[in-house]
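Enquirer: The structure under discussion is supplied below as structure tokens; questions concerning it will follow.
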Amino acid sequence: MQAARDFSHYVRDLGSGVSHIDLAVEGVSCAGCMSKIERALSALPDVTLARVNLTDRRVALEWKQGAHDPTRFIDRLAELGYKAYPFEPVRAEALETEQASFLLRCLGVAAFGAMNVMMLSVPVWSGNVTDMIPEQRDFFHWLSALIALPAAAYSGQPFFRSAFRALRARSTNMDVPISIGIVLALAMSVVETIHHAEHAYFDAALMLITFLVAGRYLDQSMRRRTRAVAGNLAALRGETATKFVGVDEISEVPIAAVQAGDIVLLRPGERSAVDGSVIEGRSKIDQSLITGETLPVKAGPGTAVYAGTLNLSGALRVRVSAASEGTLLSEIGRLLDNAVQARTRYVQLADRAARLYAPVVHAAALLTMLGWVAFGASWHDAIVMAIAVLIITCPCALGLAIPAVQTVVSGAMFRNGVLLNSGDAIERLADVDRAVFDKTGTLTLPELDVANAASIPAKMFELAGRLALASHHPVASAVARAAKAKTPLAGVEEITGQGVHGFVDGLEVRLGRPSFCGADYLANDILCRDPEASVVAFRHGETCHVFAVRQRLRPDAARAVAALQQCGIGVEILSGDRKPAVRHAAQSLGIHEWRAGVTPADKIARIDELKRHGVKVMMVGDGMNDAPALAAAHVSMSPATATHLSQATADLVFLGDRLTPVVAAIGFSRKALRLMRQNLWLAAVYNLLAVPLAIAGLATPLVAAAAMSGSSLLVILNALRAHRGVRELS
Amino acid sequence: MEVLVFLVPLALVLGLLGLVGFLWSLRNGQYNDLEGAGWRAIADDDSVQDKPAP
């Protein structure tokens, strides 16, 4: 049964007879790929737009309605060697894109205003010391007001809104002092202009907004990029289901189009994308992603199947159930909620700095005012002085200090195959002192591998690999992959539950169960030595070979573990798998602390126990059963192959077969934290120097402009140092 | 100094033109793919951009 693929769910109708689809594409990394893909797709008739987005690794396609089926594009891309999959932007991503463009608009308006007001301010500053007549100065000030007031009203929105929300909820945040500073600076400048005064602070107010919006935008763009790539990964894993649309008619549909009560087909070698129960068929299923148990379990009518389950031998019909009360998913969801709530108490570095900032600055301004009045200055002068203190201390540098470092470091991590899900993950990762690993799929590769490849003659191996291509069975796929087989043998027959056989040069070849190939003796021999392995036998004429297929540790796991221990980070394993399997992995990696057969709740309990002892835990895991533990840990990481739930929960996601990114990420984050602290100190030192000037009444607009832009530049340059330092590290 | 009456509005209009240009390009999605745009500029063939009308 060959299923028709149905992706119409993803096609958007743009009106006037044009259809649109977004595809996530794997492997697009350079300009060459970009033009290759665009040329190939544009060459198809009736395609009106084919545009690659190199940042997000996506292709936007538009074509005349009805002229093509989206699968045609995916097949064409596959011919070119790119794996593609329809992609639907999640709501959170769409919202973020919208917010980013709003911030960019604000940045544009603020920068325009700041530059033009500055153009008017420079003549005033120089005029004040030479020969400017008061009428001209007033004219320039009024013009400045004309530009600054609407520009600030528009581009200050991100701060005003958030400050208003905070005040209405009877709390404060960093945006409250910022908004107060901006509004006071503008109001005072207008009043001073009316009274023909020498100084107006329009330029300072706009410059402040410009720097702060730039900080916000940096912060945002970092998260947006990660989310885009993470969204692609989810799409590329091709979460589809084969749904029965008639009695015996099937169609491959995206998960989004499957509902409770539908019946789906789960073929051998397929991973289930839904929760449900088996209504027909018998098979063995591998639930290692959910329970951590690596040995296959028998499944028949009535057996519950969860998303992430791998079907091993026979085809199953599964009735989809809603993930509701009592299912494993809901149990995990409940644990997850609790764990997430427990973690939100973490206070970010920036927030801690902000908490100190507001009362100190406001107190300084108040004292300045009272002090000047006490020394006999007029109320007007005292208030001007106090507002000058507020303006010059407004947190330009503070607003950039952390986002600038985060952006530079997240870019460096990105190039090393680590995606950041949240900005504060960097801070939390930096003070980790214990790493807890899941075994299956985390320390080991997610796919099976042939363990005794060296003992099998190359020619036989190749032949077995070509034969294995005919089978869907995961153990056979492991043989095919290990043999790097490309060309399947012709005329191969599959005998369900036994194996596959065919003929090569008149000799029969068989691949499958040891009994099917008459190799029980050989297989038992291997199983005695390596009870963890699954075996698959191969017969070519009279010669027999048995492949031991097992989970293999990630190629650099031992090195990564050693590197972590060298950094002073303790390593332990928490796995749902059986004892011998975990012991073997732990011994070969030199990990002394390990626990086997633990449930999701046990994992949380262990992490809580460590937390109570003041240990900062990093959890690395990929299974659905790890998700709550990932949420409970101080910081968490998942491989890109992890289940959707784990990936969404983890703070960081690493790509590829290696564990080195985990170690590198810790190095990056430690460096980043150092730079963030430096930047906060730079901002503080700037204030220590600038505030006495303001209190003494020397903070003219010229001094304020120089000090504010100087400190911001310093902080940005310091953040760029992360770039260089990090490169040396990687 | 009378020249300022022309120069200042002129400067403002030019600045405003720049701002409008920026907002227009933002709306047209020109900042959606900065990486790709960089490469497009130095790509050899123009056929990708200018596909002849079918």
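Enquirer: For the condition open to solvent by less than 60 Å² (accessible area, probe 1.4 Å) and modelled with pLDDT of 75 or more, what is the one hit in A:LEU312, A:LEU336, A:LEU328?
Expert: Values: A:LEU336 fails: modelled with pLDDT of 75 or more; A:LEU328 fails: modelled with pLDDT of 75 or more.
Among A:LEU312, A:LEU336, A:LEU328, only A:LEU312 is open to solvent by less than 60 Å² (accessible area, probe 1.4 Å) and modelled with pLDDT of 75 or more.
Enquirer: Let me ask something else. Does A:ALA719 fit the bill of being among the small types (Gly, Ala, Ser) and surrounded by fewer than 24 Cβ atoms within 10 Å (Cβ to Cβ)?
Expert: Numbers: among the small types (Gly, Ala, Ser): yes; surrounded by fewer than 24 Cβ atoms within 10 Å (Cβ to Cβ): no.
No, not satisfied.
Enquirer: Kindly provide the set of residues from the range A:59-75 that are in contact (Cβ under 8 Å) with a residue 24 or more places away in the chain, part of a helix (DSSP H, G or I) and not β-branched (Val, Ile, Thr), ordered by number.
Expert: A:PRO70, A:ARG72, A:PHE73
Enquirer: While we're looking at this one, here's another question. Out of the residues in the range A:478-513 meeting the condition of being part of a helix (DSSP H, G or I) and open to solvent by 20 Å² or more (accessible area, probe 1.4 Å), tell me which one is farthest from A:SER313 (Cα to Cα).
Expert: Of everything passing the filter in the range A:478-513, A:ALA482 is farthest from A:SER313 (Cα to Cα).
Enquirer: I'm trying to understand the selection: among the residues of the range A:356-383, which are among the polar types (S, T, N, Q) and in a helix (DSSP H, G or I)?
Expert: Of the residues in the range A:356-383, the ones among the polar types (S, T, N, Q) are A:368, A:378.
Within the range A:356-383, just A:THR368 meets the criteria.
Enquirer: Quick check on the range A:54-65: of everything there that is crowded, with 21+ Cβ neighbours inside 10 Å and at pLDDT 85 or above, which residue is farthest from the other protein chains (Cβ to nearest Cβ)?
Expert: A:LEU61
Enquirer: Applying the selection to the range B:19-54, what residues are modelled with pLDDT of 85 or more, open to solvent by less than 80 Å² (accessible area, probe 1.4 Å) and more than 7 Å from chain A (Cβ to nearest Cβ)?
Expert: B:GLY21, B:SER25
To keep it simple, each residue is scored yes or no on (1) surrounded by 24 or more Cβ atoms within 10 Å (Cβ to Cβ); (2) in contact (Cβ under 8 Å) with a residue 12 or more places away in the chain.
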site: A:GLY623; (1), (2): yes, yes
site: A:PRO628; (1), (2): yes, yes
site: A:ARG658; (1), (2): no, yes
site: A:ALA664; (1), (2): no, yes
site: A:SER669; (1), (2): yes, yes
site: A:TRP681; (1), (2): no, no
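Enquirer: Where in the range A:76-193 are the helices (runs of 4 or more DSSP H), entirely inside, with at least 2 residues that are more than 12 Å from chain B (Cβ to nearest Cβ) and free of Cβ contacts under 8 Å to residues at least 24 places away in the same chain?
Expert: Working: elements: A:91-129, A:134-155, A:157-168.
Because the criterion is at least 2 residues that are more than 12 Å from chain B (Cβ to nearest Cβ) and free of Cβ contacts under 8 Å to residues at least 24 places away in the same chain, the helices (runs of 4 or more DSSP H) in the range A:76-193 that meet it are A:91-129, A:157-168.
Enquirer: Where in the range A:514-604 are the helices (runs of 4 or more DSSP H), entirely inside, with at least 2 residues that are open to solvent by less than 60 Å² (accessible area, probe 1.4 Å) and touching a Lys or Arg at 6+ places or on another chain (Cβ under 9 Å)?
Expert: Working: elements: A:514-517, A:520-529, A:557-566, A:579-589.
Once the helices (runs of 4 or more DSSP H) in the range A:514-604 are filtered for at least 2 residues that are open to solvent by less than 60 Å² (accessible area, probe 1.4 Å) and touching a Lys or Arg at 6+ places or on another chain (Cβ under 9 Å), what remains is A:514-517, A:557-566, A:579-589.
Enquirer: Being open to solvent by less than 50 Å² (accessible area, probe 1.4 Å) and modelled with pLDDT of 85 or more is true for just one of A:LEU120, A:LEU49. Which residue is that? Explain how you work it out, then say what you get.
Expert: Details: A:LEU49 fails: open to solvent by less than 50 Å² (accessible area, probe 1.4 Å).
Going through A:LEU120, A:LEU49 in turn, the sole match is A:LEU120.
The values are calculated or read from the model by the stated rules, or taken from the named source; none is laboratory data. Fair warning: this is a prediction, and the values are worked out from it, not measured in the lab. Note that we place each Cβ from the backbone using ideal geometry, even for glycine, and neighbour counts take in every protein chain shown. Ligands, DNA and RNA are stripped out before the accessible areas are found, and what is left, the full protein with its side chains, is counted by its heavy atoms. Shrake-Rupley method; radii C 1.70, N 1.55, O 1.52, S 1.80 Å.
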